[in-house]
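The values are calculated or read from the model by the stated rules, or taken from the named source; none is laboratory data. Keep in mind that what you see is a predicted model, and the values were worked out from it rather than measured. We place every Cβ from the backbone using ideal geometry, glycine too, and count neighbours over all the protein chains shown.
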Amino acid sequence: MVRARRPVCACELHLLPAGQGVESRQTRKGAHGLSVHVKAKRVTVPDIRGRKGGEPVVCLTAYTALTAVLLDDTVDLLLVGDSLGMVLYGMDSTLGVTLEMMIAHGQAVMRGAKRACVIVDLPFGSYQESKETAFRNAARVMKEVGCAGVKLEGGVEMAETIRFLTERGIPVLGHVGLLPQSVNTAGGFRSLGRAEKEAEEIRADAAAVAAAGAFAMVIEGTIEPLARAITSEVSVPTIGIGASPACDGQILVTEDLVGLFSDFKPRFVKRYAELGAGIALAAKEYADDVRHRRFPTLDHCFGVNPADKTASPHKKAG
């Protein structure tokens, strides 16, 4: 008799090696009407590439194993984005994120994601110097994380690097339009493509990224008609964020989606929950219970005689 594996508690996920964790499973009826669990098929880079013009690709960010577990059965692609610098670490931009940070969080996400295609951002400074440097760092991410590919920002100027990586077996998700890693030279966060010259430059960027071999590309922060036009022009899926409903897929930062930030909501974000307010309320109720000695009760303690549960929790022993 095969002993069933004990389920992994969320708090234990960080203890597992990268690539090991909870399995995403689907239930079906077996030969005798019994329910059996079948391991879900991993979404692959070719799967994503094949969605051009078809069912929209659902993408969200993930930085932790627990978030990956919660999203894995629902999304097609999980991006371990360098946005973690701002979301998790409180940085003002993504520029301070290191390769080691991306690898550590990528490993955590891989422990929780067993179905979704996992892509890891290459952080600022890890690929711009040369295509050889980009390959060394991307290969390190692929080997140490076990992810399906990497994402990098840039258009025409990054096409040679994208081609160099893809020709050597590293799938690349491109990123055009608003480039957070170049926010200082771009003059801040703003929607792009209103000026004709700027729009033509972004269209050229998208064409170059697709021709270089990227399996898909993120279009961020452009005016809607431009993102729509690019989607119709390029042969690979486009994934929009603040772009257009015509894109082949959409991505949001998960923490924006669930409302963890109460003081900032980008125009392109739709909040599907208000977890930030819920967490703050739960913490307040917990604090009130602790201060008024309503928590813990004897029901939350070990080794308690059932007869003692009716006694005052503050009655002194003896």
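The table below gives the values:
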read-out	value
Among the residues listed as 303, 249, 276, the single one being at pLDDT below 95 and not aromatic (Phe, Trp, Tyr)	303
Unmet requirement for residue 290, which otherwise passes all of (1) under 27 Å from residue 65 (Cβ atoms); (2) surrounded by fewer than 12 Cβ atoms within 10 Å (Cβ to Cβ); (3) over 22 Å from the mean Cα position of the chain (by Cα)	(1)
Boolean, residue 236 is crowded, with 24+ Cβ neighbours inside 10 Å and either more than 24 Å from the chain's Cα centre (by Cα) or closer than 26 Å to residue 47 by Cβ (or both)	no
Residue within the range 61-71 that is part of a helix (DSSP H, G or I), small (Gly, Ala, Ser) and modelled with pLDDT of 95 or more present	yes
Filtered residue count, the range 159-203, keeping only those that are modelled with pLDDT of 95 or more, loosely packed, with under 14 Cβ neighbours inside 10 Å and not acidic (Asp, Glu)	5
Entirely in the range 84-159, the helices (runs of 4 or more DSSP H) that have 3 or more residues that are over 16 Å from the mean Cα position of the chain (by Cα)	131-145
Lone unmet requirement of (1) within 20 Å of residue 234 (Cα to Cα); (2) in a helix (DSSP H, G or I); (3) in contact with a Lys or Arg (Cβ under 8 Å, 6 or more places away or on another chain) for residue 200	(3)
Test: residue in the range 96-118 that is buried (at least 21 other Cβ atoms within 10 Å of the Cβ) and under 17 Å from residue 241 (Cα atoms)	no
Among the candidates 161, 222, 185, 166, residue that is polar (S, T, N, Q) and without any contact (Cβ under 8 Å) to a residue 12 or more places away in the chain	185
Residues that are within 19 Å of residue 230 (Cβ to Cβ) and of a type in the set (D, E, K, R), drawn from the range 144-189	151, 153, 157
Single residue of 316, 265, 309 found to be under 30 Å from residue 155 (Cα atoms), modelled with pLDDT under 95 and not hydrophobic (A, V, I, L, M, F, W, C)	265
Subset of the range 71-84 (residues that are of a type outside the set (Val, Ile, Thr) and in contact (Cβ under 8 Å) with a residue 24 or more places away in the chain)	71, 72, 73, 76, 77, 78, 79, 81, 82, 83
